[in-house]
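Just below is one structure, and these are the notes that go with it.
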Amino acid sequence: MATSNAGADRWRSLMVGNSRWHWGDWTGDRLDRTCDDAQPPPDDLAQGQPVWAASVVPGALNRWSDRANWHIITLADIPIGGLYSTLGVDRALAVLGAGQRHGFPALVIDGGTALTVTAVDPNRHLIGGAIAPGLGLQLRSLTEKTAALPSVLPPAQLPTLWAQDSIGAIASGAAWGVAALVQTWLQTWRSRYPHGTAVMTGGDGPAIAQYLRAMNPTLTVDLHQDPSIIFAGIQAVRSERISEK
């Protein structure tokens with residue numbers, strides 16, 4: 001006999017990033033599907049279905065802020081101590097999701113438009129982090145801000161360090177530079193918390209993980225690759241809010 005889904009706890013999560021709208025479709029605590037969109041949704045989207053949303057773009061969610069079924073998440077909603085006022089809500093949600101899904105203390109390396117690292121201690125208190133230009137942003141900046149350098153896509157594999165043409169040199173500089181920075185973060189983290197959680201996420205996460213494996217395979221041991229970690233953070237905020245009612 002088929003089971004009815006009429007009473008299922010269906011809802012959507014949304015993270016508005018710098019370049020894309022990231023969606024997750026849920027049934028209760030189960031993430032069923034994710035998708036990305038370069039454009040904002042129509043004003044009448046999901047009028048009845050609950051949406052739990054956060055944004056790094058100021059004002060991006062204003063048109064839905066008065067909807068009864070929309071729940072806008074801010075830093076004040078995230079149960080992590082020591083968050084400073086200008087911390088990106090995406091970073092806070094990601095490290096909360098990492099801790100909820102894989103355990104605290106937690107480190108998240110996000111290879112998005114910006115390359116960020118965020119760390120939280122065993123007591124769920126922010127240690128801190130860093131922000132650098134992301135892999136794609138570095139490559140685009142070289143093309144846009146110079147007269148003669150060509151456009152180069154992020155390499156799928158770690159390129160040779162000693163390139164012999166401009167395209168190879170750009171790929172080498174960006175890939176090895178990002179990999180060396182991430183290596184420093186991981187090694188420092190593991191010296192402090194040998195058994196702490198470390199998660200790689202973001203659109204460039206798989207490529208960066210490949211670079212790390214090529215540099216030093218031990219770097220990716222116990223490194224979780226989790227593209228939906230921000231959604232886990234949104235789900236954690238939602239669960240806590242519901243439990244308080």
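The values are calculated or read from the model by the stated rules, or taken from the named source; none is laboratory data. Model, not experiment: these values are computed from the prediction. No Cβ is skipped: glycine too gets one built from the backbone with ideal geometry, and neighbour counts run over all protein chains shown.
Does A198 fit the bill of being crowded, with 24+ Cβ neighbours inside 10 Å and either assigned to a helix (DSSP H, G or I) or out of contact with any His (no Cβ under 6 Å at 6 or more places or on another chain) (or both)? Judged against the criteria, A198 is a match. In segment 205-245, the qualifying residues are those that are of a type in the set (S, T, N, Q), closer than 27 Å to V182 by Cα and free of Cβ contacts under 8 Å to residues at least 60 places away in the same chain, and the one that is surrounded by the most Cβ atoms within 10 Å (Cβ to Cβ) is T220. I'm trying to understand the selection: among the residues of segment 40-62, which are surrounded by 11 or more Cβ atoms within 10 Å (Cβ to Cβ), modelled with pLDDT of 90 or more and in a loop (DSSP other than H, G, I, E, B)? Within segment 40-62, P50, V56, V57, A60, L61 qualify. Tallying residues that are without any contact (Cβ under 8 Å) to a residue 60 or more places away in the chain, in a helix (DSSP H, G or I) and not charged (D, E, K, R) within segment 125-154 yields 6. Every listed requirement among (1) surrounded by 20 or more Cβ atoms within 10 Å (Cβ to Cβ); (2) modelled with pLDDT under 95; (3) not polar (S, T, N, Q) is met by A179 save one, (2).
What's the number of the condition T218 fails, among (1) closer than 26 Å to G97 by Cβ; (2) in a loop (DSSP other than H, G, I, E, B)? Answer for T218: the failing condition is (2).
For first residues located in segment 100-111 and at positive phi and modelled with pLDDT of 95 or more, partners that are surrounded by fewer than 24 Cβ atoms within 10 Å (Cβ to Cβ) and not acidic (D, E) and lie 6+ apart or on another chain with Cβ distances below 9 Å form the pairs G103/H195; G103/G196; G103/T197.
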